[in-house]
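**Student:** First, the structure itself, so that you have it in front of you.
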Amino acid sequence: MGTTDGADGDAGGRGGYGRPGWCRSEDGVGLACTDFGGTGPDLVLVHATGFCAAVLGPLARGLVGSFHCYGVDLRGHGRSERPPDGNFDWAGFALDVTAVIDHYGLDRPLAFGHSAGGTAVLLAEEDHPGTFAGIYAYEPVMFPSDVPLEPQFEGNPLAVAARRRRETFPSSDEAFANFASKPPLDSIDPDVLLAYVENGFETVPAGDGGDGSTVRLRCRRDDEAAIFTLALDHPGYARLGNVRCPVTLACGALTDSFGRTTMRRAADRLARSTVSVIDGLGHFGPLERPGTIAEAVTEALLTPRPASPS
């Protein structure tokens, strides 16, 4: 399990989104974590590929009246370390989730995960059934097959696009303006985009940018491409029967990713599940309308559910 290690940084600390911390995964990766505060049951928030815990700060703002919220920068994201061997097998993300639970001493917390973050919390529960008291997963990456797909780069549009992503900008302001002006990030909430630019980028030392740039993506494009390449090479769907807690599988009605059909197929494998389709949102729903998702998460996770089968 994870142990505390290293000094506190400022992960998630800019923009007023939480108190930063540091922990280490079972396989030795240093992880930036965030205590967003709040009152009520413990709730772990896990971000999507390419982002960091701070982008869930606006979501946490709508949740802290009902939950005590925590976040983690998954390995290779935000201020967390990348795995030393460069292996981004998604099993590592489950270890990251477990590490933040151990670091804060949480006992059967609730969980929210977006996209890869949703997969991470489900994988963590599958590895150790009973980890969570309840899960809300917004479009978790789950290919409906008992046999994981082989890693694929060619023909994988997300991996190819990630490899081509612009990594550096002359300033944070220019990065913000760039993302705000074109898809897919032009649809996300301005506070979320600001949190992404302030926390998902690092200042490049003078002379290190190579092109005069001063800020650079923390989640490097080759690493993001590797993550997408391995996105369907995990047994998450096959092992959904291991999940003990109630699960809400949510998707946006406008999604072009993991929509209602995929969510319903996954739900059929869960002992206690609900499928929620949210009007007017796409795959980036939690980043587009964090207030709407906060209301949905609160209702789903605080609604009484039947007791676990004996």
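The values are calculated or read from the model by the stated rules, or taken from the named source; none is laboratory data. Small disclaimer: the values here were computed from a predicted structure and weren't measured. Using ideal geometry, Cβ is built from the backbone for each residue, glycine included, and neighbour counts are taken over all protein chains shown.
**Student:** Can you find, within segment 86-129, the residue that is surrounded by the most Cβ atoms within 10 Å (Cβ to Cβ) among those that are assigned to a loop (DSSP other than H, G, I, E, B) and small (Gly, Ala, Ser)?
**Tutor:** 115
**Student:** For segment 284-299, give me the residue count where each residue is in a loop (DSSP other than H, G, I, E, B) and either surrounded by fewer than 20 Cβ atoms within 10 Å (Cβ to Cβ) or aromatic (Phe, Trp, Tyr) (or both).
**Tutor:** Going through segment 284-299 one residue at a time, the tally reaches 1.
**Student:** Looking at segment 182-194 only, could you name the residues that are at pLDDT below 95 and farther than 14 Å from residue 282 by Cβ?
**Tutor:** 182 - this is the single residue of segment 182-194 that is at pLDDT below 95 and farther than 14 Å from residue 282 by Cβ.
**Student:** Sticking with this structure for a sec: Could you check, for segment 245-263, whether at least one of its residues is in contact with a Cys (Cβ under 7 Å, 6 or more places away or on another chain), β-branched (Val, Ile, Thr) and over 18 Å from residue 120 (Cα atoms)?
**Tutor:** no
Each row is one residue, and each column tells you yes or no for (1) farther than 21 Å from residue 199 by Cβ; (2) of a type in the set (Gly, Ala, Ser); (3) in a loop (DSSP other than H, G, I, E, B).
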position: 71; (1), (2), (3): no, yes, no
position: 74; (1), (2), (3): no, no, yes
position: 131; (1), (2), (3): yes, no, yes
position: 159; (1), (2), (3): yes, yes, no
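**Student:** For segment 56-75, name all the residues that are under 19 Å from residue 223 (Cα atoms) and either β-branched (Val, Ile, Thr) or more than 12 Å from the chain's Cα centre (by Cα) (or both). Let's see the steps before the verdict.
**Tutor:** First, the residues of segment 56-75 that are under 19 Å from residue 223 (Cα atoms): 72-75.
72 - this is the single residue of segment 56-75 that is under 19 Å from residue 223 (Cα atoms) and either β-branched (Val, Ile, Thr) or more than 12 Å from the chain's Cα centre (by Cα) (or both).
**Student:** Among the candidates 285, 236, 280, which residue alone is out of contact with any helix residue (DSSP H, G or I) (no Cβ under 8 Å at 6 or more places or on another chain) and within 30 Å of residue 301 (Cβ to Cβ)? Give the steps one after another, and end with the answer.
**Tutor:** Details: 285 fails: out of contact with any helix residue (DSSP H, G or I) (no Cβ under 8 Å at 6 or more places or on another chain); 236 fails: out of contact with any helix residue (DSSP H, G or I) (no Cβ under 8 Å at 6 or more places or on another chain).
Result: 280 is the single residue among 285, 236, 280 that is out of contact with any helix residue (DSSP H, G or I) (no Cβ under 8 Å at 6 or more places or on another chain) and within 30 Å of residue 301 (Cβ to Cβ).
**Student:** Here is a list of conditions, (1) β-branched (Val, Ile, Thr); (2) touching a Lys or Arg at 6+ places or on another chain (Cβ under 7 Å); (3) at pLDDT 95 or above, and residue 55 meets all of them except one; can you say which number that is?
**Tutor:** The failed condition is (2).
**Student:** Another question, then. Count, please, the residues in segment 234-255 that happen to be aliphatic (A, V, I, L, M) and buried (at least 19 other Cβ atoms within 10 Å of the Cβ).
**Tutor:** Of the residues in segment 234-255, 5 are aliphatic (A, V, I, L, M) and buried (at least 19 other Cβ atoms within 10 Å of the Cβ).
**Student:** Further question: Could you please let me know if residue 173 is touching a residue at least 40 places away in the same chain (Cβ under 8 Å) and surrounded by fewer than 19 Cβ atoms within 10 Å (Cβ to Cβ)?
**Tutor:** no
**Student:** Out of the residues in segment 133-150 that are under 16 Å from the mean Cα position of the chain (by Cα) and aromatic (Phe, Trp, Tyr), which is nearest to residue 270 (Cα to Cα)?
**Tutor:** Top of the filtered list is 136.
**Student:** Among the residues of segment 93-151, count how many are more than 28 Å from residue 256 (Cβ to Cβ) and β-branched (Val, Ile, Thr).
**Tutor:** 4
**Student:** Another question about this same structure. Among the numbered conditions (1) modelled with pLDDT of 90 or more; (2) surrounded by 21 or more Cβ atoms within 10 Å (Cβ to Cβ); (3) in contact with a His (Cβ under 9 Å, 6 or more places away or on another chain), tell me where residue 258 comes up short.
**Tutor:** Condition (1) is where residue 258 drops out.
**Student:** Any idea how many residues of segment 273-283 are at negative phi and part of a loop (DSSP other than H, G, I, E, B)?
**Tutor:** 4
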